Amino acid sequence: MSNQLEKVRELIELRAKARLGGGEKAIEKQHAKGKYTARERIAQLLDEGSFEELDMFVEHRCTNFGQEQKHFLGDGVVTGYGTIEGRLVYVFAQDFTVFGGSLSETMSLKICKVMDKAMKMGAPVIGINDSGGARIQEGINALAGYAEIFQRNIMASGVIPQISGIFGHCAGGAVYSPALTDFTLMTEGSSYMFLTGPKVVKTVTGEDVTQEELGGASVHATKSGVTHFTAATEEEGLSTIRRLLGFLPQNNLEEAPILNCTDPIDRLEDSLNEIIPDSPNKPYDMYEIIGAIVDNGEFLEVQQDYAKNIIIGFARFNGQSVGVVANQPKFLAGVLDSNASRKGARFVRFCDAFNIPLVTLVDVPGFLPGTGQEYNGVILHGAKLLYAYGEATVPKVTVTLRKSYGGSHIVMSCKQLRGDMNYAWPTSEIAVMGGAGAVEVLYAKGAAEAADPAAFMAEKEAEYTKLFANPYNAAKYGYIDDVIEPRNTRFRIIRALQQLQTKKLLNPAKKHGNIPL
Ligand code: HXC
């Protein structure tokens, strides 16, 4: 064999060794837990055969605790680039088979390298987390490595989409990288995110809690709102990430891809002319409306189990990606509260950062009253949503279906928050407050003096409702651009979005605003 062939053979062997990560036994252990390895995950995430791995021969440099005896090619993370639906993406996947995927100085360098490339090329970064946290043997170098990653997460925010998949442990300060990214997905029953694990919790607070109860997927999907998506299996999780990317542009200077639309743009949806119940207190399901108006009923919901009184997610109109924000009358009557406001605000800001138009469907009775909300800072949280809509410069199309009262009317993308097209269904009630509350304020004295106070108040309420509980009062002032037939909503939204394609609006130059965090 020639010298050159010998060297090529050596390379092939080294590459094969690197691809085994922590070795066959560790891979078997990973599989026995029902989990895939880092490379298997990347292979499923990317278009077949598109992965180009980088830094396969990187090794850690630690000499503490006998680490100099233990080396694995590539260290604990697999990094590189590939495509999803033919579009460039950068990836890193922590390799649990190597020191439990724990973060070393060199791992951080590998991750930072792909993040830097992603920024230079203007392409999304996807990180798959499955790690025991900081490589304990490396001490402060591992911490510095995390900080380098966080700093890049912050710089990349609003420039390229950043997505985190949590497919195992993500604990301690490590949680802050996913938290800084745009979307987090957790697998059910096999992924955990917490700042301090159950043992430390027990020592510090005396609380007995399992990993699942403390930071499992369902906790973060329903209680904390930390995760945006959950998946029953790793396959489902990876396919959700692929689907999500289809709605997003590559970076903040591009538009999301426009798909060929197979759903007629002028499709009339007769059922919408009869969907609003006669009684204003009776709910209906906002999902039915979203499903009826978007392309082929396809809706990728974000945070579907958190603050269900507001619905957020991606859909398409005539092939164009949009962010949908809608009150859900079926849950807490669609009221805005602290969690719903925060959920909506972050989504609106994501869409605005990445040039994705906003379609807002309004049926909101107001903000949730009471000490629970006030003590929780609903004033600040509500202001976040208000701020997000007010600063957004992307096309904003709003359709009011039924209630739109008081402060919540303003917050939900009203005309004065630079709403571009504000439509209302004839069933809309756009007013400063509901009839019952209004007459309480206006006629308390009159009722006390009336022969039949109840009849007096009912008469006044009917008078108020007739005057204000409709869309025409707002339309009279131009606050509503048109009152539309419900069954025609899809077409009217598409027309509005077409009109707004060349919209140009710039906010005043500033370092950055001071959103009420
Ligand atoms: C070095 C680690 C490690 C770590 C795991 N390993 N975590 N090595 N540093 N942080 C190694 C284990 O020693 C083991 O090596 C292999 O990875 C697999 O781990 P197991 O424990 O056998 O796996 P499993 O039973 O599945 O348990 C997984 C685990 C557990 C729950 C994640 O490994 C664990 O509790 N790890 C420590 C978690 C932790 O406390 N991290 C905090 C670090 S401080 P061998 O050679 O036996 O196969 C921190 C601060 C970050 O993260 C701050 C950032 C700003």
request  = Take the Cα pairs of the chain, get the Kirkwood Rh, then feed it into Stokes-Einstein at 37 °C and 0.692 mPa s and tell me D in µm²/s.
outcome  = 130 µm²/s
key: Per-bin percent of Cα-Cα distances, the stretch 293-353 [10 Å]   = 24, 51, 24, 1
key: Backbone HN-Hα couplings from phi across the stretch 464-469 [Karplus 6.51/-1.76/1.60, Hz, Gly and Pro as x]   = 4, 4, 4, 6, 10, 7
note = Using alpha carbon positions and the Kirkwood radius, the Rg to Rh ratio of the stretch 1-142 is 0.99
remark   = Counting all Cα-Cα pairs in the stretch 171-252, those more than 15 Å apart amount in percent to 61 percent
inquiry  = Compute, for the stretch 190-244, the length of the dipole vector about the Cα centre, with Cβ point charges of +1 (Lys, Arg) and -1 (Asp, Glu) only. Units Debye, rounded to 20.
reply    = 200 debye
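Quick one, can you get me the convex hull of the C-alpha atoms of the stretch 355-481 expressed as volume per residue in Å³?
113 Å³
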Label-point separation in nm, E213 to I136, each point 7 Å along Cα→Cβ = 2.5 nm
Inter-site label distance for L253 and S239 at 7 Å from Cα along Cβ, in nm = 3.6 nm
note = Candidate cut points under trypsin sites (Lys or Arg not before Pro) in the stretch 43-98, DSSP loop plus at most 16 other Cβ atoms within 10 Å of their own Cβ, are R61, K70
key: Partners for K202 among lysines (Cα-Cα distance below 28 Å; same-chain residues under 8 apart left out)   = K33, K223
remark   = Note: the stretch 77-149, point scatterers on Cα, Debye, no solvent; log10 I/I(0) at q = 0.21 Å⁻¹ equals -0.84
FRET efficiency, N281 to E449 (Cβ-Cβ, R0 30 Å, nearest 0.05) = 0.55
ask   = Fully extended, how many nm does the chain gain between V204 and R61 (0.36 nm per residue separation, minus their Cα-Cα distance)?
value = 48.0 nm
remark   = In terms of the charge dipole of the stretch 280-338, which places +1 on Lys and Arg and -1 on Asp and Glu at the beta carbon, the residue among P280, Q304, Q320 farthest towards the positive end is P280
inquiry  = Ranking request for peptides 203-216, 433-446: highest mean number of other beta-carbon atoms within 10 Å first, then the rest in descending order.
reply    = 433-446, 203-216
ask   = So, in Å, what gap is there between the alpha-carbon centers of the stretch 482-507 and the stretch 56-93?
value = 47 Å
task = Just report the Cα centroid separation between the stretch 133-191 and the stretch 272-335, whole Å.
result = 32 Å
task = Give the peptides 48-57, 394-403 in descending order of average Cβ contacts within 10 Å, highest first.
result = 394-403, 48-57
remark   = note: the stretch 321-386, Cα-Cα separations exceeding 20 Å make up a percent value of 29 percent
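Could you pull out the pairs from K415/K466; K110/K199; K113/K511 whose alpha carbons sit more than 25 Å apart here?
The pairs that break the limit, which is 25 Å between Cα atoms, are K110/K199; K113/K511.
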inquiry  = So for the chain, averaging the separation of alpha carbon pairs under 8 Å that are six or more residues apart and normalising by length, what relative contact order in percent results?
reply    = 9 percent
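Every read-out reported here was derived from the displayed coordinates using simple, explicitly stated rules and does not represent laboratory data. Quick caveat, the model's predicted, so the values are computed rather than measured. Every residue, glycine as well, gets a Cβ built from its backbone with ideal geometry; the counts of neighbours run over all protein chains shown.
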